[in-house]
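Encoded as structure tokens, the structure appears first; notes follow it.
The values are calculated or read from the model by the stated rules, or taken from the named source; none is laboratory data. Since the model is a prediction, treat every value here as computed from it, not as a measurement. Neighbour counts are summed over all protein chains in view; Cβ atoms, including those assigned to glycine, are modelled from backbone coordinates with ideal geometry.
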Amino acid sequence: RVRDEPKQPVKVLVTGAAGQIGYAIVPMIARGLMLGPDQPVVLHMLDLPRSADALKGVRMELIDAALPLLRGVVVTSDEAEAFKGVNFAVLIGGWPRKEGMERNDLIAKNVTIYRSQASALQKHAAPNCKVLVVANPANTNALVLKEFASAIPTKNITCLTRLDHNRALGQISEKLGVHVGDVKNAIVWGNHSSTQFPDASHATVRTEQGEKPVRELVADEKWLREEFVSIVQQRGAAVIKARKQSSSLSAASSACDHMRDWILGTPKGSWVSMGVHSDGSYGVPEGIFYSFPVTCEKGEWAIVQGLQVDEFARSKMELSVNELEEEKVIAYELVSS
Ligand code: LMR
């Protein structure tokens, strides 16, 4: 590409686009917060036929917002049309968890949807399409996509734990009274569920005297091992309780962070958390989608290697492994029956 030549538009699919997260994320994408301020986009918005009018309304608003990077909006309830030629897919659509629903009920509803989306993805998307699964159970939905969209490289399928990662940064910032932008290198290990392990043991804060470990600054091991972990694990539920619906603006913003860092790269010296297919790193078995610390460069993620994991962390990390293996068994039974 010649230096000043404008970039060609890319196609970005958002499923569940008429929902709360969808409504929050489409203007962010169209303003360049996901793929950069010089990257024109065509938005493909998919939702169920009953939301067709609502989607038309969102399209009107996007036109009314006069967004220079936005080069087109497709609104549809047809999967084939929605997935056609897309370079990036943000999969938010799925059955939302309602009061009284067990996790297994949610798996049953959503893995079936993800099986169908997998075939649309591999049939219609661009061959190198990069996928982010937001809908719960996010890790297991990603696994179903991987299984049934084998034409898409496994490394192109990821799930969102950046929301949990950002929540961890937020809690450290609140606890220490420092700017959140000065906190980095928290880790969220595992499932996007209450078995996840938010780990601050490698996190640092930028201070006038250089970078300081969060462990030293907090100096309260009990807070880091108990309160911090449980606040982050339970934050989604706390937001649902307060708002009577699940997190939306933070989910949308974190999904943009996830894609931006994946595509444009993580800053030097820092990592982020992403749900990716395990390659066996840190003793996490292959064959599940697990959240790891990753760095990204030129559109490729790599798991950060060589971090020290103590006994406490190991036992927490295993809880999420066990839960994901159980979800996998349930999901496989459902999709193969
Ligand atoms: C969140 O983390 O906010 C959501 O995944 C919670 C949920 O169960 O919908």
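Regarding Thr207, is this residue polar (S, T, N, Q), over 26 Å from Glu323 (Cα atoms) and either surrounded by fewer than 18 Cβ atoms within 10 Å (Cβ to Cβ) or over 17 Å from the mean Cα position of the chain (by Cα) (or both)? I'd like the intermediate steps shown before the answer.
On the way: polar (S, T, N, Q): yes; over 26 Å from Glu323 (Cα atoms): yes; either surrounded by fewer than 18 Cβ atoms within 10 Å (Cβ to Cβ) or over 17 Å from the mean Cα position of the chain (by Cα) (or both): yes.
Answer is yes for this residue.
What are the residue pairs meeting all of these: first residue in segment 56-83, first residue in a helix (DSSP H, G or I) and modelled with pLDDT of 95 or more, second residue of a type in the set (Ser, Thr, Tyr) and surrounded by 12 or more Cβ atoms within 10 Å (Cβ to Cβ), Cβ atoms under 8 Å, and 6 or more apart or on different chains?
Within 8 Å, the pairs are Val58/Tyr23; Glu79/Ser116; Ala82/Thr15; Ala82/Thr76.
How many residues does segment 122-143 hold that are within 16 Å of the ligand (Cβ to nearest atom), within 20 Å of Ile25 (Cα to Cα) and β-branched (Val, Ile, Thr)?
So the answer is 2.
Sort out which residues of segment 280-305 are in contact (Cβ under 8 Å) with a residue 12 or more places away in the chain, over 20 Å from Ser193 (Cα atoms) and assigned to a loop (DSSP other than H, G, I, E, B), and write them in order of number.
Across segment 280-305, the qualifying residues are Lys298, Gly299, Val304, Gln305.
Mind checking which residues of segment 161-207 are of a type in the set (S, T, N, Q), in a loop (DSSP other than H, G, I, E, B) and within 16 Å of the ligand (Cβ to nearest atom)?
Step one: list which residues in segment 161-207 are of a type in the set (S, T, N, Q), which gives 161, 166, 171, 173, 185, 191, 193-196, 201, 204, 207.
This time we only want the ones that are in a loop (DSSP other than H, G, I, E, B), so: 161, 185, 191, 193-196, 201.
Thr161, Asn191, Ser193, Ser194, Thr195, Gln196, listed by residue number.
In segment 305-327, which residues are over 23 Å from Lys222 (Cα atoms) and surrounded by fewer than 19 Cβ atoms within 10 Å (Cβ to Cβ)? Spell out how you get there, then give the answer.
Keep residues of segment 305-327 that are over 23 Å from Lys222 (Cα atoms), which gives 305-306, 321-327.
Correct list: Gln305, Gly306, Asn322, Glu325, Glu326.
Does segment 228-244 hold any residues that are within 11 Å of the ligand (Cβ to nearest atom) and either of a type in the set (Ser, Thr, Tyr) or in contact with a helix residue (DSSP H, G or I) (Cβ under 6 Å, 6 or more places away or on another chain) (or both), and which are they?
Answer for segment 228-244, where residues must be within 11 Å of the ligand (Cβ to nearest atom) and either of a type in the set (Ser, Thr, Tyr) or in contact with a helix residue (DSSP H, G or I) (Cβ under 6 Å, 6 or more places away or on another chain) (or both): Val232, Arg235.
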